[in-house]
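Since the structure comes first, as structure tokens, the remarks are kept for the end.
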Amino acid sequence: MQELTRDKILLAHGDGGLLTHELISNFFLRHFENPILKTLSDAATLPLEIGKGRLVVTTDSFVIKPVFFPGGDIGKLAVCGTVNDLAVSGAVPHYLTVSFILEEGLPLADLEKILTSMAEAARMAGVTIVAGDTKVVERGNADKIFINTTGVGLVPDGVELGYHKVEEGDVVIINGNIGEHGLAVVSRREGLEFESDIISDCTCLNSITQDLLFKYKGIKLMRDPTRGGVATTVKEIALATNKDIFLFEDRLPISDGVRWAAEMLGLDPLYLANEGKFIAVVLRQEAPDIIAALRRLPQGQQASIIGEVKNGQGNVFLKTSLGATKLIDMLAGEQLPRIC
């Protein structure tokens, strides 16, 4: 683990954990703070109304290593990651822009494969790539290919998600198994083989979220547990709402393959990245119906109620299968850098 110095950028500043939070709070927000940005949501809802919706915009950069991994590649990841940030904000995604930084020497066959994957993901998500840019840098000044995206969508009238809606008694749900993306990437990066194949969950979720938000009014908040995993995302929710959240270890959906591989590598599945999962805080009374609806879908067959909200001071606790209670915080050092 790297020494957690505060005077230089470390790889751990990019893992979505404590140092990422400090970097955003102490540097970016200090210079750029405004009422829209300071919410730190997955996508920013702008004070503009267009037709029957509110404009939402998000931006992201993808520097994953390796660029091809079980279940996807950097192109599919760029589209799905951006679409999902819009989707969990309640928006219907419409448009993407993409910019590429290409390293001298990148095989054109690899670029072709990545672009094909992006086009297919965009088609499946129903979004249009409307603008882009390309830069090429000298060999050694990048790592094959970096992609930056901007996504634009509309939140329909009647849909309102936000931290302010979360109340004591609400429950926390997730649509399926956690940790698959993080382990799929590290297994390919390190040349590891496990008894069972671990495939990234990388997929676009907007069709699911749109359907749920149309049917169920008890959905109060959605988040996308990518870097930093479920633990970090739930901690961010707790801090933003000033509520305590209790997670139940025996209800966390983790496949046997991920559980075994994570234990072998000394990794905690709660902090592993996901690229096809969403966390939602929902009204307790509606949770069983939402879970039943999710389990009828391929991307929701392991959906589960994983926690509950209580009044408190922004803490997250894990109730273990042995009956103990463990304090959960943001990741304080690098676990898996460059997984998205």
- [ ] May I ask you to verify whether residue 193 is within 30 Å of residue 263 (Cβ to Cβ) and either free of Cβ contacts under 8 Å to residues at least 60 places away in the same chain or assigned to a loop (DSSP other than H, G, I, E, B) (or both)?
- [x] yes
Task: Hits in region 13-27 - residues which are touching a residue at least 60 places away in the same chain (Cβ under 8 Å) and over 17 Å from the mean Cα position of the chain (by Cα) - done: 19
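Listed here are the residues, each with its yes/no results for (1) touching a Pro at 6+ places or on another chain (Cβ under 6 Å); (2) open to solvent by 10 Å² or more (accessible area, probe 1.4 Å); (3) in a strand (DSSP E or B).
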{"site": "246", "(1), (2), (3)": "no, yes, yes"}
{"site": "254", "(1), (2), (3)": "yes, yes, no"}
{"site": "257", "(1), (2), (3)": "no, yes, no"}
{"site": "263", "(1), (2), (3)": "no, yes, no"}
{"site": "274", "(1), (2), (3)": "yes, no, no"}
{"site": "286", "(1), (2), (3)": "no, yes, no"}
{"site": "305", "(1), (2), (3)": "no, yes, yes"}
Open item on the list: With the requirement that a residue be under 23 Å from residue 87 (Cα atoms) and of a type in the set (Gly, Ala, Ser), what does region 104-122 give you?
Closed with: 117, 119, 121, 122
Task: Long-range neighbours under 7 Å by Cβ, at least six apart or interchain, first residue at positive phi within region 56-71, second open to solvent by 50 Å² or more (accessible area, probe 1.4 Å) - done: 71/199
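The rows are residues; the columns are (1) closer than 22 Å to residue 228 by Cα; (2) at pLDDT below 80; (3) in a loop (DSSP other than H, G, I, E, B).
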residue	(1), (2), (3)
5	yes, yes, yes
9	yes, yes, yes
12	yes, yes, no
19	yes, no, no
22	yes, no, no
38	yes, no, no
46	no, yes, no
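The values are calculated or read from the model by the stated rules, or taken from the named source; none is laboratory data. Because the structure is predicted, anything quoted here is derived from the model rather than measured. Here the Cβ is made from the backbone with ideal geometry for all residues, glycine too, and neighbour counts use every protein chain on show. Accessible surface areas use protein heavy atoms only, side chains included; no ligands, DNA or RNA. Shrake-Rupley method; radii C 1.70, N 1.55, O 1.52, S 1.80 Å.
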